[in-house]
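Below is one structure; the comments refer to it alone.
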Amino acid sequence: MSKKTRKKSSNTTGKRVATKVARAASASTGKSAAKTRITVAKKPAAKTAKAKASTNKASTKKTAAGVQGKASHKAASKPLKREPAATVTKTVTKSSAVTLAEGASAPGFDLPRDGGGSVSLKDFAGKKLVLFFYPRADTPGCTREAIDFTRLKADFTAAGTEVVGISADTVKAQESFRNKHQLSVPLVSDGAHQMLEAYGAWGEKSMYGRTFMGIIRATVLVDSDGKVARIWRHVKVDGHAEAVLEAARSL
């Protein structure tokens, strides 16, 4: 082989090697660039995921806070449902303030009585009428009072006066009371307290340091014109029936 041929071959081989080295370097640079792009692309995605997680946590906290706020609001508003208690108190106070005055027209009534039927104010038109209000049938004081009026019934009749007893007991309880003590005066049942309130026999009472609403022992004498002639409030039982009889005789 000649010198020119060896030089030419040597140059060609060198060029080929240089080309391969350049290509390898280029491929390596490309791979590095690709890796760099992948790495750069992955970092924002990770940040985005973290941002989403942070947003979700914040949203969850807000939702929880909202639920707690609603629950707290509902819990705070529950006591407002106790208003009906204040209304009942006002009603009771109003009914206890009813006052019947002497000289006023006797309030009308029509209520069931022992033995069946009913009793009304109209039944006694043109007659004097004694209405005695007692707290409860078959209790010691009420029993003595009813027996006293029964004992003096003939004297009241002679004075042109009828006698009627009233309480909030049921008709059945009134009948048992009448039968047990052989009472002869009509016993009226006012379970709704309408007559009791109208005649001022329903109001505030106290016992053993406790205050409550109940029947106030009272007696009302109505004249033959239907007017209230006398009123006895907070009655003491002993001698009361006799005092009422004297007042009826004086009319």
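The values are calculated or read from the model by the stated rules, or taken from the named source; none is laboratory data. All values derive from a computational prediction rather than experimental measurement. Quick reminder, even Gly has a Cβ in these numbers, built from the backbone with ideal geometry, and neighbours come from all protein chains shown. Calculation scope for accessible area: heavy atoms of the full protein, side chains included, ligands and nucleic acids excluded. Shrake-Rupley method; radii C 1.70, N 1.55, O 1.52, S 1.80 Å.
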May I ask you to verify whether K172 is without any contact (Cβ under 8 Å) to a residue 24 or more places away in the chain and either in contact with a Phe, Trp or Tyr (Cβ under 8 Å, 6 or more places away or on another chain) or not hydroxyl-bearing (S, T, Y) (or both)?
-> yes
Which one of the conditions (1) closer than 16 Å to M195 by Cβ; (2) in contact with a strand residue (DSSP E or B) (Cβ under 7 Å, 6 or more places away or on another chain) does D123 fail to meet, given that it meets all the rest?
-> (2)
Selection from the stretch 167-194 of residues open to solvent by less than 40 Å² (accessible area, probe 1.4 Å) and either within 35 Å of the chain's Cα centre (by Cα) or of a type in the set (F, W, Y) (or both) yields S167, A168, D169, A173, Q174, F177, L187, V188, S189, D190
Complete set of residues in the stretch 195-226 that are modelled with pLDDT of 95 or more and open to solvent by 80 Å² or more (accessible area, probe 1.4 Å) | D225
Given (1) in contact with a Ser or Thr (Cβ under 7 Å, 6 or more places away or on another chain); (2) closer than 16 Å to L121 by Cα; (3) free of Cβ contacts under 8 Å to residues at least 40 places away in the same chain, where does G165 come up short, assuming only one miss?
-> (1)
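Quickly run through the stretch 140-191 and pick out the residues that are under 17 Å from T219 (Cβ atoms), among the polar types (S, T, N, Q) and out of contact with any Leu (no Cβ under 8 Å at 6 or more places or on another chain).
Narrowing the stretch 140-191 to residues under 17 Å from T219 (Cβ atoms): 141-153, 155-156, 159, 161-168, 183, 185-188, 190.
Checking the rest, the ones that are also among the polar types (S, T, N, Q) come to 143, 150, 161, 167.
Residue satisfying the conditions is T143 alone.
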Filtering the stretch 187-225 for residues that are among the hydrophobic types (A, V, I, L, M, F, W, C), out of contact with any strand residue (DSSP E or B) (no Cβ under 7 Å at 6 or more places or on another chain) and part of a strand (DSSP E or B) leaves a count of 1
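Give the residue that is most open to solvent (accessible area, probe 1.4 Å), with candidates limited to residues of the stretch 231-246 that are on the phi < 0 side of the Ramachandran plot and over 40 Å from the mean Cα position of the chain (by Cα). Spell out how you get there, then give the answer.
Of the stretch 231-246, the ones on the phi < 0 side of the Ramachandran plot are 231-233, 235-238, 240-246.
In the following step, the residues that additionally are over 40 Å from the mean Cα position of the chain (by Cα) were identified as 238, 240-246.
On the way: D238: 125, H240: 12, A241: 3, E242: 68, A243: 48, V244: 0, L245: 9, E246: 105 Å².
Checking each candidate, the answer is D238.
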Residue list for the stretch 231-251, filter: in contact with a helix residue (DSSP H, G or I) (Cβ under 9 Å, 6 or more places away or on another chain), of a type in the set (G, A, S) and part of a helix (DSSP H, G or I) = A241, A248
Of the residues in the stretch 112-166, those that are of a type in the set (A, V, I, L, M, F, W, C), in a helix (DSSP H, G or I) and open to solvent by 10 Å² or more (accessible area, probe 1.4 Å) come to L121, F124, I147, A154, A158
Does the stretch 96-103 contain at least one residue that is out of contact with any Lys or Arg (no Cβ under 6 Å at 6 or more places or on another chain), more than 17 Å from T219 (Cβ to Cβ), among the small types (G, A, S) and surrounded by 15 or more Cβ atoms within 10 Å (Cβ to Cβ)?
-> yes
